[in-house]
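Values quoted throughout were computed directly from the atomic coordinates according to the rules given, and no laboratory measurement underlies them. Model, not experiment: these values are computed from the prediction. FYI the Cβ positions are ideal-geometry reconstructions off the backbone, even for glycines, and counts take in every protein chain you see.
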Amino acid sequence: MIRILLADDHAVVRQGLRMFLALDPELEVVGEAANGAQALEQVALLRPDVVLMDLKMPVMDGLTAIRHIRAAHPDTEVIAVTSVLEDTAIIDAVRAGAIGYLLKDTEAQELCRAIKAAAAGQVQLSPQAAARLVREVHAPDSPEQLSPRELEVLRLIARGLSNREIAQELVISEKTVKTHASSILSKLGLASRTQAALHAMRLGLVGQSEG
Amino acid sequence: MPCAWVWWGRAKDEQLVGLGVNPLAEVGSGHPDAADPQSWALLELVPDAVLVVSAQGNIRYANLQAQQLLGWSADELTGMAVEGLLPSALQQGHAALRDGFMRGPSTRPMGQGRDLQALRRDGSTVSVEISLQPVRLPDGPGVVAALRDATDRHRVEAALRRAQLDLEQRVAERTALLDIAQAFASTLSLPQLLDSILDQLAKLIGYTGAALCGPRDGGMVILSARGGAAMAGLRGMPVPETARPLLEMVVQQRRALRLADVWVGEGPATGLTRGDPRLSAAMRGAHAWLGVPLLAQDRAVGLLCLDHSQPGYFTEQHAALALAVASHAAIAIENARLYEEAGERAVLEERQRLARELHDSVSQTLYGIGLGARTARTLLDRDPAAAAQPLDYVLALAGAGLAEMKALLFELRPESLEAEGLEGAIRKQAAALVSRHGLTVALDLVPAVEDLPTGLKHTLYRVTQEALHNILKHAQAQHVSVSLGIAGGRARLRIKDDGVGFQTDKDFPGHLGLRSMRERVAQLGGRLEIQSVPGKGTEVRAELPV
């Protein structure tokens, strides 16, 4: 069961999402927040797997909330939700640490799939988005050296594999994959698997089309 | 001696009326009797110069004053022809005039309305007034002529005339400037105002053609033109390239430039007469030219050009007057620019606000409808009975969306405030709040608000709207009350909620919207107050003079 927090200042949107996501037995909406500050509180309290985060919210906006959540609770993945396809909004969301982003007019089926992928630690970037973002997201200049195993995990993350797939590929446990992943992020000073994948593309560990 | 006394009089207007003899002493022919030369000694008493002249024009007697005025001695004057006292140009023909007088003699001032001149012994002339009185002399009819030195009088009169003209000119200038100032106050349209400034200028200075040039779309354009079809046709035309050097010279030097004749000589003035065909056609018949800069707060914002068919027509005073008028035009142009800028900014802000509203309401509602419909669609296959709940949700959202859409469309067409009235408009806003957000809204609106001026109603409506928007967005309120009434010559609007409130002395959510509300109210001379305590709700009060 994937535990979800909805953060959106529009009650109608939260209500609609809750209703729709309830149709999928793998998904469970555990809480709601009307602004970024509330979202932070709810994440600390409920420890959800995935947060659907609206970017434009009063009190504390979505970007600030994403940064705080990723810093304090790296196990919680955040999907940024925007109303309009704006490059800057998407770039900012990925920079803040969102694993992915969705438009509010995204097909409802796609919404469920994206939530499940995020929960599985799977980076999903369209080749076009990756090409755009790879220039925008940078690791610090002299990151700590990754171990050969970590490099292998990074390469697989960048190819868009889920935790389970990486575990099968490397014949290790899913828990070990997660441990490697957090180690990679902290060594590179990055906030999300998506940022790590973009970093790997920059280094040439994977081709961009593989991402 | 028949002549008992001599009288000498002046009318109230200081005009000399002449020498008379007591009518009681009159004898015979009806003319005073001056036949006794001894009686002429009485003429020494008279303060003016007096000559006794025969019908043939011979001077018989000249008193002391006459000798002093004309510079001849009594002996020299006696027996001299009266023509000898006339400037040479007038000598011929005087005999005929004199004969004419003698044929129908009467007591009268001579050469009325003309500046009479007498010739002195030294050849100089002196302005005189002369009165004539027919008399009888020992050897027949004659005339007594009284002369007075009019030099001072002429000088004083000329000075008075100048003062009068000067005064009239000043009055005309003041009147024209006042008219311009009034036109200024009564019209907001820049073209009308500039036209009226040029029309007033025509009364003040008089010109054959006139043009006002000012900035538009980054270039210099002829904003207004007067004087003939060719000239008027220049309106709206960019200042031709060839004329620019001359005009820029005036603008840069920031003072008036006068040209005696634009068709004479070389230099920048040729840019008016040679080059652009439309401009040179308009300049046909023009010679003198005057250009003054339009200075607004020491910044040149344009140029006033005048031309006249008479070469060298424009004087320094014309230039000074034109500068004074130009400053009015400058302020008008500057005002219009600021006004336009403010208008554009307002339009931009309005657009952003509408975009925000659309995002906040309609697009979210539609998203919710989509989610609800998809949920219902999925449930139809699985558990049709369970589809009722999402469908109810969709219906509720569709209703709310419709109400919001109506409110937004209403805003896009401000005239609907007129059609629906302020009360109807606020009720609509409140209805959207109730249907979509489940708030309770208490309204207390007096019908008299519909009689308020349109601008005031719009402001009241927008303040209400902004306040409700803030409540929705930030207050987390349950109950809202809106009251609007008129008391003590002021419209009073109050919007109160029971939400979370905020500290009014800090930056708070929605402070930008509140600031624009406050500006909107202040523009109409009103006041907007916000009272709020964290946890205790918010009250927005606006008061506007009716």
Determine the equivalent ellipsoid of the range B:167-327 by diagonalising the alpha-carbon gyration tensor, then write out the semi-axes as square roots of 5 times the eigenvalues, largest first, rounded to whole Å.
23, 18, 15
Once Rh is set to the Kirkwood radius over Cα pairs, what Stokes-Einstein translational diffusion coefficient, in µm²/s, holds for the range A:148-210 at a temperature of 37 °C and a viscosity of 0.692 mPa s?
289
Note down the relative contact order for the range B:438-546 as a percent, whole number, built from C-alpha pairs under 8 angstrom at least six residues apart.
29
Over the alpha-carbon set of the protein assembly as shown, divide Rg by the Kirkwood Rh and report the Rg/Rh ratio to two decimals.
1.37
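With a/c under 1.5 counting as rounded, go ahead and sort the range A:2-119 into rounded, prolate or oblate using the C-alpha gyration tensor (a ≥ b ≥ c being the square roots of the eigenvalues; past the cut-off, prolate if a/b is larger than b/c, else oblate).
Rounded.
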For the range B:438-546, the percent of all C-alpha pairs falling in each 5 Å bin, from 0 up to the bin holding the max distance, is 2, 13, 25, 25, 18, 12, 5, 0
Do the sum for chain A: with -39,500 (n - 2.57) for every DSSP H run of n ≥ 4, divided by all residues, what is the mean residue ellipticity at 222 nm, to the nearest 500 deg cm²/dmol?
-15000 deg cm²/dmol
Shielding of B:374-381 by partners, i.e. mean partner chain Cβ atoms within 10 Å per residue?
4
What are the semi-axes of the equivalent ellipsoid of chain B, taken as the square roots of 5 times the eigenvalues of the Cα gyration tensor, listed largest first and rounded to whole Å?
94, 31, 18
Could you tell me which of the pairs A:Lys56/A:Lys175; A:Lys56/B:Lys496; B:Lys428/B:Lys496; A:Lys104/A:Lys187; A:Lys56/B:Lys457; A:Lys56/B:Lys536 are separated by over 29 angstrom between their Cα atoms in the structure shown?
A:Lys56/A:Lys175; A:Lys104/A:Lys187; A:Lys56/B:Lys457
How high is the relative contact order of chain B, in percent, counting Cα pairs under 8 Å that sit 6 or more residues apart?
7
Per residue of B:362-371, how many C-beta atoms from partner chains lie within 10 Å of its own C-beta, taken as a mean?
6
Could you list log10 I(q)/I(0) for chain A at q = 0.11, 0.15 Å⁻¹, which the Debye formula gives when each Cα is one point scatterer?
-0.48, -0.90
Can you give the FRET efficiency to the nearest 0.05 for B:Thr440 and A:Arg202, using r as the Cβ-Cβ distance and R₀ = 56 Å?
0.50
Could you tell me how far the Cα centroid of the range B:468-501 sits from the Cα centroid of the range B:42-91, in Å?
103
Summing -39500 (n - 2.57) over every DSSP H run of at least 4 in chain B, dividing by its residue total and rounding to the nearest 500, the 222 nm mean residue ellipticity is -14500 deg cm²/dmol
Along each principal axis of its Cα atoms, how long is the range B:253-388 end to end? Whole angstroms, biggest number first, please.
100, 33, 20
When you count, for each residue, the other Cβ atoms within 10 Å and take the mean per peptide, how do B:377-389, A:29-41, B:281-293 rank with the highest first?
B:281-293, A:29-41, B:377-389
At B:Leu45 and B:Asn58, where each label point lies 7 Å from the Cα along Cα→Cβ, what is the point-to-point distance in nanometres?
2.9
Rank A:Ile69, A:Ile172, A:Ile115 by mean-square fluctuation in a GNM of chain A with C-alpha springs under 10 angstrom and give only the top-ranked residue.
A:Ile172
Of all beta bridges DSSP finds with both residues in the protein assembly as shown, what is the antiparallel percent, to the nearest 5?
75
Once you have a ≥ b ≥ c as the square roots of the Cα gyration tensor eigenvalues for the range B:193-247, tell me rounded if a/c is under 1.5, and otherwise prolate or oblate according to whether a/b is larger than b/c.
prolate
Pairwise centroid distance, computed over Cα atoms, of the range A:143-182 with the range A:8-35, Å
31
Quote the relative contact order of the range A:5-130 in percent (integer), defining contacts as alpha-carbon pairs under 8 Å separated by 6+ residues.
20
Fewest to most Cβ atoms within 10 Å: B:Glu266, B:Glu543, B:Glu341 sort as B:Glu266, B:Glu341, B:Glu543
Whole-number Å³ per residue for the convex hull built on Cα positions in the range B:52-137
96
So if we plug the beta-carbon distance of B:Ala398 and A:Thr88 into 1/(1 + (r/R0)^6) with R0 = 30 Å, what FRET efficiency do we get, rounded to 0.05?
0.35
